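The block underneath contains the structure these notes are about, expressed in structure tokens.
The values are calculated or read from the model by the stated rules, or taken from the named source; none is laboratory data. Keep in mind that what you see is a predicted model, and the values were worked out from it rather than measured. Methodologically, a virtual Cβ is constructed for each residue, glycine included, from the backbone with ideal geometry; neighbour enumeration extends over all protein chains shown. When the accessible area is computed, the model is the full protein with side chains, heavy atoms only, and any ligands, DNA or RNA have been set aside. Shrake-Rupley method; radii C 1.70, N 1.55, O 1.52, S 1.80 Å.
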Amino acid sequence: ARLFGDSLMCGIIAYSGYRKALPILIEGLRRLEYRGYDSAGVALCDGEKVFVTRAEGKLSNLVELLEEKDGGEDATIGIGHTRWATHGRPSSTNAHPHTAGRVSLIHNGIVENYAELKESLKKQGVKFNSDTDTEIIAHLLNIHLSNSEDKIEALRQVCAEIEGSYAFVAFDAQDPSRLMIAKNSSPVIIGKKEREVFVASDVSALLEHTRDVIAVHDGDIAVVSPERIYIENNGKEVIRQSHHITWDPVTAQKGGYKHFMLKEIFEQPEVIGDTIRGRLDRKANAIDISEMRLTKEDLEPIKRVILIACGTAWHACLVGKFYIESFAGLPCEVDYASEFRYRDPILDSSTLVVAVTQSGETLDTLSAITLASKSCMTAAICNVIGSSITRATDRVLFTRAGPEISVASTKAFTTQLVSLYMLGLYIGQTKGRIDKETANTLIKELTKLPAVAEESLKCEEKIKSLAQRFHLAKDFLYLGRGLCYPIALEGALKLKEISYIHAEGYPAGEMKHGPIALIDENMPVVVVLQKSDIYFDKTLSNLKEVEARGGKILSVTDTTGHGELAKISHCVVEIPYISQWLSPITLSLPLQLLAYYIAVENGTDVDQPRNLAKSVTVE
Ligand code: M6R
């Protein structure tokens, strides 16, 4: 499905043909609206002039602006974009398209080496109009195009210079009908009709015009016009198959998945990769989150960290506590924002308070960080650029999960864990609390995470059959120890939220102090076990207590072929091992799938469960 779009961040649409481009672009952007975005824009070319219009906020703002403006209505060539900010706050100047000389360009992705490229372009006298990484691509393309007058050659040069993930589409004002495309990691597709060509990030933007689409592959560069589609990879022309898409418009928005939640679960390897991208200084073997503006001087007086959040983000903080304490060597407390804000928390200049939030709009978290900022240093880990919480503190590390539509948080959670891992490591390195060799190993393991997450999702079929077997259970107990305890809590929350089944997360070692009374042959007990010297055997002994009382044990583990565990478990879901510190991330994936498939079995409204809102902006 990912080949045919379901763009994670920005939405792209481009047209070259004989009809008026503007209505096609606006309709395409409307079809991409469901994913949420912060600004939108179009560039049109009537063969002589280029007309660019961009607006912050909703598509209707752009449409209003276009109604007030003259020019471009008859253009038959154009590009349009909805932006989900990654570099530079949401604003009309940071909105796409970006123009540089003869080039107008839209982009989805992240240019990793943007800082060095920007510096070098500035030295060559280039003036920038935005804070985006995208404008760099437009300038590079303009320079190379002016040097060679050969579109493919110019694309080759640009792609040799930029690092990161990208799908971009551009036109050259001097020869606009031939659209230029390049792709690496981010999705882009081409749609063809007689005397017309379309380019988009998602199939949903094209369905109205054509169902025959070509998926552009990683490393491809292309020049497409109504007359010809030329694609090359590695210096050689390639012929990419056209595919007939049968999805209805709603399925297309979900990238072919039944629900946004499932789509978002499967996006995790990619968004985890995006969250790490550009934040590792490979030469120095260090975490580089300088964008957060948490300097060595800032950290000097810090002796204690408090993490505050709500719901799923609070579970991420419980894992974050391990990272801060073990990597940074600082005491770390975790608090519910709704509790913190009404206590008299003891705060001083040696305390760093970090708010963790997907939306950046949760009222309790916003109030808590505002309270903290009166007496100590604050920071945030957040998924939405420009959101209220990112304005309440100066130091923000953005998770790059892209828009999360399903109410039940999945990809926001795992990218929060990745961000907390990087933050712990960054503080540890900056304060000299972690030796080079350990840092080296931790960074190496982090780079493997997207691939191991991908492998871990292969348990889907096994989970599906577990869901069929257990979906009628009235209660579930989730157990874990150490880093797996918060994962057990999160697994239970996911199940409660979307299937309405009562589920309780508990530290496995505490079970004998109460919850053991609940166990009988009707109680499924989901246990999360990581390969670790201390916790594995201890959890195993706790499980024997469950087995003795007839409880059905469903084990989720990164340990393979453990005979003893297999003997006492009704079922063992094994995922590949990554590391003790990162397994909470990969072990969450089977639990997300379990909650999802149980909810599907029970026919609940998975993406919009009853009584819940995506962002809780009330007390
Ligand atoms: O946007 P936030 O991360 O601040 O939201 C916090 C919680 O409301 C949120 O995580 C909630 O628990 C989710 N529905 C969990 O799936």
Exercise. Given (1) farther than 19 Å from residue 163 by Cα; (2) at pLDDT 95 or above; (3) touching a Cys at 6+ places or on another chain (Cβ under 9 Å), where does residue 96 come up short, assuming only one miss?
Worked result: (2)
Exercise. Quick one: which of 300, 270 is charged (D, E, K, R), open to solvent by 10 Å² or more (accessible area, probe 1.4 Å), away from the ligand (no atom under 16 Å from the Cβ) and over 19 Å from the mean Cα position of the chain (by Cα)?
Worked result: 300
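On the given criteria, is residue 340 more than 25 Å from the chain's Cα centre (by Cα), surrounded by 24 or more Cβ atoms within 10 Å (Cβ to Cβ), more than 10 Å from the ligand (Cβ to nearest atom) and not basic (Lys, Arg)?
Taking the combined requirement at face value, the residue satisfies it.
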Seminar exercise, completed: Selection from region 403-441 of residues open to solvent by 10 Å² or more (accessible area, probe 1.4 Å), over 26 Å from residue 87 (Cβ atoms) and among the aliphatic types (A, V, I, L, M) yields 407, 434
For this session: Output the number of residues of region 153-167 satisfying the condition of being part of a helix (DSSP H, G or I) and among the β-branched types (Val, Ile, Thr).
Result: 1
Exercise. When region 357-387 is examined, which residues are found to be closer than 16 Å to residue 313 by Cα and in a helix (DSSP H, G or I)?
Worked result: 363, 364, 365, 366, 367, 368, 369
Problem set entry | Flag for residue 521 being open to solvent by 30 Å² or more (accessible area, probe 1.4 Å) and not in a loop (DSSP other than H, G, I, E, B) | no
For this session: Name every residue in region 241-268 that is at pLDDT 95 or above and under 22 Å from residue 220 (Cβ atoms), in order of residue number.
Result: none
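Based on what the data block shows, is residue 548 among the small types (Gly, Ala, Ser) and modelled with pLDDT under 95?
On the way: among the small types (Gly, Ala, Ser): yes; modelled with pLDDT under 95: yes.
Against the criterion (among the small types (Gly, Ala, Ser) and modelled with pLDDT under 95), residue 548 qualifies.
Restricted to region 599-616, and to residues that are open to solvent by 80 Å² or more (accessible area, probe 1.4 Å) and under 24 Å from the mean Cα position of the chain (by Cα), which residue is farthest from the ligand (Cβ to nearest atom)?
We begin by selecting, within region 599-616, every residue open to solvent by 80 Å² or more (accessible area, probe 1.4 Å); these are 605, 608, 610-611.
Now drop any that are not under 24 Å from the mean Cα position of the chain (by Cα), which leaves 605, 608.
Values: 605: 14, 608: 11 Å.
Step by step, filter region 599-616, then rank; the result is 605.
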Problem set entry | Candidates 307, 294, 262 - the one that is more than 16 Å from the ligand (Cβ to nearest atom) and either at positive phi or not hydroxyl-bearing (Ser, Thr, Tyr) (or both) | 294
For this session: Considering (1) under 28 Å from residue 327 (Cβ atoms); (2) in a helix (DSSP H, G or I); (3) open to solvent by less than 10 Å² (accessible area, probe 1.4 Å), say which one residue 528 fails and leave the rest.
Result: (2)
For this session: Considering (1) part of a loop (DSSP other than H, G, I, E, B); (2) touching a Lys or Arg at 6+ places or on another chain (Cβ under 8 Å); (3) touching a residue at least 40 places away in the same chain (Cβ under 8 Å); (4) of a type outside the set (A, V, I, L, M, F, W, C), say which one residue 91 fails and leave the rest.
Result: (2)
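State all residues of region 168-210 that are of a type in the set (D, E, K, R), open to solvent by 10 Å² or more (accessible area, probe 1.4 Å) and either more than 29 Å from residue 246 (Cβ to Cβ) or not in a strand (DSSP E or B) (or both); if no residue qualifies, say none.
175, 178, 194, 195, 208
Within region 403-426, take every residue that is over 23 Å from residue 325 (Cα atoms) and of a type in the set (A, V, I, L, M, F, W, C) and give me the one that is farthest from the ligand (Cβ to nearest atom).
So the first thing to find is which residues in region 403-426 are over 23 Å from residue 325 (Cα atoms), and the list is 403-411.
Add one more test, that the residue is of a type in the set (A, V, I, L, M, F, W, C), and what stays is 405, 407-408.
Numbers: 405: 12, 407: 5, 408: 4 Å.
For region 403-426, the residue satisfying everything is 405.
Yes or no: residue 450 part of a helix (DSSP H, G or I) and within 22 Å of the chain's Cα centre (by Cα)? I'd like the intermediate steps shown before the answer.
Numbers: part of a helix (DSSP H, G or I): yes; within 22 Å of the chain's Cα centre (by Cα): yes.
Spelling it out, residue 450 is indeed part of a helix (DSSP H, G or I) and within 22 Å of the chain's Cα centre (by Cα).
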Exercise. Could you list, in sequence order, the residues of region 94-143 that are in contact with a helix residue (DSSP H, G or I) (Cβ under 7 Å, 6 or more places away or on another chain), open to solvent by 30 Å² or more (accessible area, probe 1.4 Å) and not in a loop (DSSP other than H, G, I, E, B)?
Worked result: 99, 114, 118
For this session: Could you tell me which numbered condition residue 26 fails, if it satisfies all but one of (1) outside any loop (DSSP other than H, G, I, E, B); (2) touching a residue at least 24 places away in the same chain (Cβ under 8 Å); (3) under 27 Å from residue 360 (Cβ atoms)?
Result: (3)
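Which residue out of 65, 32 is open to solvent by less than 50 Å² (accessible area, probe 1.4 Å) and either hydrophobic (A, V, I, L, M, F, W, C) or under 11 Å from residue 79 (Cβ atoms) (or both)? First the steps, then the outcome.
Details: 65 fails: open to solvent by less than 50 Å² (accessible area, probe 1.4 Å).
Every option except 32 fails the conditions.
Let me confirm something: among 349, 359, 367, which residue is open to solvent by 40 Å² or more (accessible area, probe 1.4 Å) and among the polar types (S, T, N, Q)? Break it down into steps so the answer makes sense when it comes.
Working: 359 fails: open to solvent by 40 Å² or more (accessible area, probe 1.4 Å); 367 fails: open to solvent by 40 Å² or more (accessible area, probe 1.4 Å).
The match here is 349.
How many residues, within region 388-444, are in a helix (DSSP H, G or I), of a type outside the set (Ser, Thr, Tyr) and free of Cβ contacts under 8 Å to residues at least 40 places away in the same chain?
Within region 388-444, residues that are in a helix (DSSP H, G or I), of a type outside the set (Ser, Thr, Tyr) and free of Cβ contacts under 8 Å to residues at least 40 places away in the same chain number 5.
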For this session: Evaluate region 488-511: report whether one residue or more is closer than 19 Å to residue 465 by Cβ, buried (at least 17 other Cβ atoms within 10 Å of the Cβ), away from the ligand (no atom under 16 Å from the Cβ) and not charged (D, E, K, R).
Result: no
Seminar exercise, completed: Reported set for region 305-331 where residues are surrounded by fewer than 22 Cβ atoms within 10 Å (Cβ to Cβ) and within 25 Å of residue 437 (Cα to Cα) is 321, 322, 325, 326, 329, 330, 331
Problem set entry | Complete set of residues in region 370-402 that are open to solvent by less than 10 Å² (accessible area, probe 1.4 Å) and within 12 Å of the ligand (Cβ to nearest atom) | 380, 381, 382, 383, 387, 389, 399, 401
